[in-house]
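Read the figures in this text as sums done on the coordinates, not as results from a lab. Quick caveat: nothing in here was measured; it's all calculated off a predicted structure. No Cβ is skipped: glycine too gets one built from the backbone with ideal geometry, and neighbour counts run over all protein chains shown.
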Amino acid sequence: MTTLSDTAIREQVENQLALYPCTYDFAAIRAFLMGETVAPAEINPVALFTIFWEEQPAFADKAASQTFYGAFTAFWHRLGEHTKKKSPFRLTRLDVPTTGAQLEHYLNVRGGEINSLHAGFLQGKDSSELTDEACGLVAILSACSFVIQRLWGEVYVGTESDQLDKDVVNQIKRFESNVNKDVANFVWKAARLQQAGRILR
């Protein structure tokens with residue numbers, strides 16, 4: 001278990017992402033790795049850390065390599081703590097958008113997190129390979145994705161005046177009030193199924 005704070009761990013990982021840019025941002029990587037933490041098949045975390053790059057990062061020397069893997073290892077261990085109820089997993093803190101431009105940013109981040117969590121958990125498997133219990137958990141994420149997709153239509157409606165309708169803002173507030181609870185429950189229940197070997201048929 002790492003003794004570093006969440007802020008320190010994030011800074012370490014973001015420093016590595018700045019040194020070795022990839023097409024994924026911190027929020028998406030964090031959610032994907034969280035999904036992998038509770039996924040059905042055992043994985044090699046060290047190999048997993050480089051899948052976000054088309055080619056493995058070119059480290060200048062052994063010290064640079066150790067710094068990279070050290071940052072992601074601390075990150076991985078911290079995510080593992082979120083499988084316990086006392087340390088629930090939470091998505092990136094975002095302000096509730098009130099304009100079309102703000103909503104577009106919000107949906108890119110929040111939608112990316114939900115999709116990445118989903119992809120990390122499934123590990124490329126089809127839902128037909130999952131138990132009914134695991135399918136029920138996936139349905140939680142699918143419901144979140146449905147809300148995200150529905151809100152995308154408001155981005156273009158909002159661009160004319162750039163102010164979102166009050167009902168849309170309230171809908172986002174309701175979604176935000178529930179999504180962290182839903183995601184935390186998903187992670188906790190998936191971890192229990194993983195431990196019991198009840199994710200795959």
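Tell me, what is the FRET efficiency for Thr50 and Lys86 to the nearest 0.05, using R0 = 30 angstrom and their Cβ-Cβ distance as r?
Once the sixth-power term is evaluated, E becomes 0.45.
Which residue, chosen from Tyr69, Thr50, Pro21, occupies the Cα position most advanced towards the positive end of the dipole of the stretch 6-81, where the dipole is computed from +1 (Lys, Arg) and -1 (Asp, Glu) charges on Cβ about the Cα centre?
Of the candidates, Tyr69 comes out farthest on the positive side.
Rounded to the nearest 0.05, what FRET efficiency is calculated for Ala196 and Thr7 with R0 set to 45 Å and r the Cβ-Cβ distance?
That gives a FRET efficiency of 0.85.
When the chain is fully extended, how far beyond the present Cα-Cα distance does Gln163 get from Ser142, taking 0.36 nm per residue of separation?
4.8 nm
Got a sec? Charge dipole of the chain, +1 on Cβ for Lys and Arg, -1 for Asp and Glu; which of Leu151, Gly136, Gln195 is way out at the positive end?
Result: Gln195, furthest along the dipole toward the positive end.
If R0 is 41 Å, what FRET efficiency do you get for Glu129 and Phe26 from their C-beta distance, rounded to 0.05?
So the FRET efficiency works out to roughly 0.85.
Would you mind telling me which residue in Leu141, Leu48, Leu33 has the biggest mean-square fluctuation in a Gaussian network model of the chain, where springs connect alpha carbons within a distance under 10 angstrom?
Top of the fluctuation ranking is Leu48.
Report, to one decimal in Å, the Kirkwood hydrodynamic radius for the chain based on all distinct Cα pairs.
Mean inverse Cα-Cα distance, inverted, gives 18.1 Å.
With N set to the residue count of the stretch 36-83, report its C-alpha Rg divided by 2.2 N^0.38 Å to two decimal places.
Rounded to two decimals, the normalised Rg is 1.25.
Which one, Ala60, Ala27, Ala18, has the greatest fluctuation when you compute a Gaussian network model over the chain with C-alpha springs under 10 angstrom?
Ala60
Given charges of +1 on the Cβ of Lys and Arg and -1 on the Cβ of Asp and Glu, with all other atoms neutral, how large is the dipole of the chain about its Cα centre, in debye to the nearest 20?
920 debye
Return one quarter of the surface area of the convex hull spanned by the alpha-carbon atoms of the stretch 100-196, equal to its mean projected area, in nm².
That works out to 6.5 nm², a quarter of the Cα hull's surface.
Once amide H atoms are placed 1.01 Å from N in the peptide plane, what residues at a sequence separation of 5 or more from Leu130, or on another chain, have their amide H within under 5 Å of its amide H?
Under 5 Å from the amide H of Leu130 lie the amide H atoms of Arg201, each far enough along the sequence or on another chain.
Quick one: plug the Kirkwood hydrodynamic radius of the stretch 1-119 (C-alpha pairs) into Stokes-Einstein at 25 °C, 0.890 mPa s, and report D in µm²/s.
160 µm²/s
Considering the chain as a Gaussian network with a 10 Å cut-off on Cα pairs, which listed residue, Thr37, Thr23, Thr50, attains the greatest mean-square fluctuation?
In this elastic network of the chain, the residue with the biggest mean-square fluctuation among Thr37, Thr23, Thr50 is Thr23.
Just grab the label-to-label distance for Leu94 and Asp61, each label 7 Å out from Cα along the Cβ direction, in nm (one decimal).
A separation of 4.2 nm, rounded to one decimal place.
Round to the nearest 10 and give me the degree value, 0 to 90, for the angle of helix 6-19's Cα axis relative to the longest principal axis of the chain.
80 degrees
Lysine pairs, Cα distance under 29 Å, 8 or more residues apart or cross-chain: how many in the chain?
So the count works out to 17.
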